[in-house]
Amino acid sequence: MRHEALELARSARIIADQTEVSVGICPPSVWIDPICREVDGSRLWVGAQDCVGDGFGAHTGCLNAAMISDAGCGFVLLGHSERRARFAERTEGLLPAIAATLETGMFPVLCVGESLEDRNSGRAVGVVESQVRPLLHAGLDLSGVVLAYEPVWAIGTGLTATAQDIAEMHRAIRAVLGRDDAIVLYGGSVSPSSAARSFR
């Protein structure tokens with residue numbers, strides 16, 4: 001598996017070095033170090049899939065932001081839909097990790113998104129807004145925080161959000177943050193053609 005992970009990283013490095021678009025990968029933590037070594041000097045960003053917020057104390061099995069930064073990562077993915085579902089993660093509980101990530105000079109990518117039930121019942125925008133709003137009361141420098149809108153119903157299901165759905169949610173996220181310049185990404189059954197579109 002390590003060999004395959006390194007091969008994927010090499011392929012991503014080639015893509016990153018041939019485009020002006022920022023390209024990043026988030027390997028499992030056990031492969032962060034060898035992958036960071038493999039792509040050192042390239043334009044490819046390497047990130048971690050999660051981290052804990054405080055820099056001290058016993059957190060067996062966890063990595064804190066300082067460790068991840070020291071390993072060579074440039075960003076941390078937080079609040080992924082799988083972690084929100086399996087570990088009941090909420091934005092409020094992720095604020096220490098977001099702050100710690102910013103303190104290291106890395107940038108956090110906070111994932112937000114609604115379920116199919118939420119969308120079908122007309123609650124999609126409200127659910128996502130509730131996941132974003134806690135950032136406003138944490139005293140964080142939001143200029144360093146990236147938001148990733150990932151509708152849960154469009155991940156690995158074959159369903160896809162329309163450009164209108166995505167644009168509407170991006171506008172709602174930026175409105176909550178009060179920042180038209182906020183970086184908002186999209187994740188959910190992404191293809192080369194959909195990734196090339198602008199959803200601003």
Residues of the stretch 95-121 satisfying the condition of being without any contact (Cβ under 8 Å) to a residue 40 or more places away in the chain, closer than 25 Å to GLY139 by Cα and either part of a strand (DSSP E or B) or not charged (D, E, K, R) (or both)
THR104, GLY105, PHE107, PRO108, LEU110
So which residues in the stretch 134-177 are more than 19 Å from ARG83 (Cα to Cα), part of a helix (DSSP H, G or I) and not hydrophobic (A, V, I, L, M, F, W, C), if there are any at all?
HIS137, SER143, GLY144, GLN164, ASP165, GLU168, HIS170, ARG171, ARG174
From the list GLY61, GLY41, GLY72, exactly one residue is in contact with a strand residue (DSSP E or B) (Cβ under 8 Å, 6 or more places away or on another chain), outside any strand (DSSP E or B) and more than 19 Å from ALA148 (Cβ to Cβ). Which is it?
GLY72
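Taking ILE25, is it more than 23 Å from ILE183 (Cβ to Cβ), crowded, with 16+ Cβ neighbours inside 10 Å, of a type outside the set (D, E, K, R) and not assigned by TED's automatic domain parsing to the domain that holds LEU185? Let's see the steps before the verdict.
On the way: more than 23 Å from ILE183 (Cβ to Cβ): no; crowded, with 16+ Cβ neighbours inside 10 Å: yes; of a type outside the set (D, E, K, R): yes; not assigned by TED's automatic domain parsing to the domain that holds LEU185: yes.
When the stated conditions are applied, ILE25 does not pass them.
The values are calculated or read from the model by the stated rules, or taken from the named source; none is laboratory data. This structure is a prediction, so every number in the text was calculated from the model and none was measured. All Cβ positions, glycine included, derive from the backbone under ideal geometry; neighbour counts span all protein chains shown.
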